[in-house]
Amino acid sequence: MEFIVDEDQVGLRLDVAVSQVSGVARGKVQIAIKSGSVTVNGKVLKVAYRLSKDDTVSGDIPLEPILEVDTEEGAEPVRALTKADLTIVHEDRQILVINKPSGMICHPGTRAELGILTEALVDHNKGIAKIGQSGRPGIVHRLDKHTEGLMVVAKTKAAYESLVSQFRERTVDKMYYAVVQGNIEDDGLDIDRPIGRHSKMRLRRACGQSDPSTLKEAFTQVTVIKRYITKTLVECRPKTGRTHQIRVHLSDIGHPVVGDPLYGPRSRRQEEGQLLQAAYLAFDHPKTGERVTYELPMSERLT
């Protein structure tokens, strides 16, 4: 196992981060760290060490996934996924672009779920298993469980490094459709509010109630497409890539995404998850350098 700490992992305890990446129980991870089997930048550190940006974590731990379910969305165990579960938008030797459906989990969390996207990716192409971080083969960016839409997956090491760099440098263009609670008065607005970990609820992010030490800049452009009596259909363009960014920003201005189980009001609609779709993705092709774009029609869930 080896991974480089990204922005979402900065500040996490070493044992927590390794457990999230590997899907191995935290107790077993702690044993591995204490025995010297896991290192940070080549050094053996304490389990409570707080990770810094670009730290390299590597080592060997017992790869025994936990079969309990404890995800941010309250996911239930599902059958193992195969290549038949993938909706492929584009594929070549370097990349795979897919349309992830609502309800599909990208990769194991703190406790591993059954039925995740990475299972289907490896079943589709065995070589993907060797690309990227342990436990996250081919994954260069993520969508929440109930957020559907476009994802690009790396099939080679060179493609992985290129795409990770592009996301880090914010040269990837993304656009989402969302249905939000209430009527947004302005036709367009810019939400420029830092986001950090919620000070009390570990699964959530927040603007105003966050741990100040975890705050990072976050910027989202919102454009109204259509107003209904009690809801608004909007287009969102995140210029940064914080965890739950669109969901947090829309909730923070008083217009949470309809059905959002973490940031919206309680309702029966939450069982189906937030009405959020990643509909547009543009980046430089890792091999040719050509700017490539992919776009989906609006999902029937949002209409």
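The values are calculated or read from the model by the stated rules, or taken from the named source; none is laboratory data. Computed from a prediction, not measured in an experiment: that's the story for all the values here. Here the Cβ is made from the backbone with ideal geometry for all residues, glycine too, and neighbour counts use every protein chain on show.
Could you list, in sequence order, all residues of the stretch 180-189 that are surrounded by fewer than 18 Cβ atoms within 10 Å (Cβ to Cβ) and either closer than 13 Å to GLN245 by Cα or hydrophobic (A, V, I, L, M, F, W, C) (or both)? Steps first, please.
Going through the stretch 180-189, the residues surrounded by fewer than 18 Cβ atoms within 10 Å (Cβ to Cβ) turn out to be 182-183, 185-189.
Residue satisfying the conditions is LEU189 alone.
Every residue, every condition in (1) closer than 27 Å to THR171 by Cα; (2) touching a Phe, Trp or Tyr at 6+ places or on another chain (Cβ under 8 Å); (3) modelled with pLDDT of 95 or more, yes or no:
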site	(1), (2), (3)
SER102	yes, no, no
HIS107	yes, no, no
ARG111	no, no, no
ILE116	no, no, no
ALA120	no, no, no
LYS130	yes, no, no
SER134	yes, yes, no
PRO137	yes, no, no
ALA154	yes, yes, yes
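Against the conditions (1) aliphatic (A, V, I, L, M); (2) touching a Cys at 6+ places or on another chain (Cβ under 9 Å); (3) more than 19 Å from ILE4 (Cα to Cα), ILE139 satisfies every one except (3). Can you confirm whether the stretch 282-298 contains a residue that is buried (at least 21 other Cβ atoms within 10 Å of the Cβ) and either out of contact with any His (no Cβ under 9 Å at 6 or more places or on another chain) or not in a helix (DSSP H, G or I) (or both)? Yes - at least one qualifying residue is present in the stretch 282-298. Does ARG193 count as closer than 20 Å to LYS239 by Cα, of a type in the set (D, E, K, R) and at pLDDT 95 or above? Yes. Of the residues that make up the stretch 249-260, is at least one buried (at least 20 other Cβ atoms within 10 Å of the Cβ), outside the structural domain of ILE195 (by TED's automatic domain parsing) and touching a residue at least 60 places away in the same chain (Cβ under 8 Å)? No, there is no match, as no residue in the stretch 249-260 is buried (at least 20 other Cβ atoms within 10 Å of the Cβ), outside the structural domain of ILE195 (by TED's automatic domain parsing) and touching a residue at least 60 places away in the same chain (Cβ under 8 Å).
I'd like to check something: does the stretch 200-209 contain any residue that is among the polar types (S, T, N, Q) and modelled with pLDDT of 95 or more?
no
Take the stretch 153-178 and flag every residue that is outside any helix (DSSP H, G or I) and farther than 9 Å from VAL140 by Cβ. Talk me through it step by step, then tell me what you get.
So in the stretch 153-178, the residues outside any helix (DSSP H, G or I) come out as 153-156, 169-178.
LYS155, THR156, GLU169, ARG170, THR171, VAL172, ASP173, LYS174, MET175, TYR176, TYR177, ALA178, listed by residue number.
In this structure, does THR214 turn out to be hydroxyl-bearing (Ser, Thr, Tyr) and either under 14 Å from TYR177 (Cα atoms) or in contact (Cβ under 8 Å) with a residue 24 or more places away in the chain (or both)? Reasoning before the result, please.
Numbers: hydroxyl-bearing (Ser, Thr, Tyr): yes; either under 14 Å from TYR177 (Cα atoms) or in contact (Cβ under 8 Å) with a residue 24 or more places away in the chain (or both): yes.
It is true that THR214 is hydroxyl-bearing (Ser, Thr, Tyr) and either under 14 Å from TYR177 (Cα atoms) or in contact (Cβ under 8 Å) with a residue 24 or more places away in the chain (or both).
Considering each residue of the stretch 170-179 in turn, at least one proves to be of a type outside the set (Lys, Arg) and more than 30 Å from GLN94 (Cβ to Cβ). Scanning the stretch 161-168 finds no residues that are outside the structural domain of ARG242 (by TED's automatic domain parsing), farther than 16 Å from PHE3 by Cα and crowded, with 23+ Cβ neighbours inside 10 Å.
Among the residues of the stretch 220-248, what is the count of those that are assigned to a strand (DSSP E or B) and either over 17 Å from the mean Cα position of the chain (by Cα) or in contact (Cβ under 8 Å) with a residue 60 or more places away in the chain (or both)? Even if it seems obvious, please write down each step before you answer.
Keep residues of the stretch 220-248 that are assigned to a strand (DSSP E or B), which gives 220-227, 231-238.
Imposing the further condition that a residue be either over 17 Å from the mean Cα position of the chain (by Cα) or in contact (Cβ under 8 Å) with a residue 60 or more places away in the chain (or both) reduces the set to 221-227, 231-238.
Summing the residues that are assigned to a strand (DSSP E or B) and either over 17 Å from the mean Cα position of the chain (by Cα) or in contact (Cβ under 8 Å) with a residue 60 or more places away in the chain (or both) in the stretch 220-248 gives 15.
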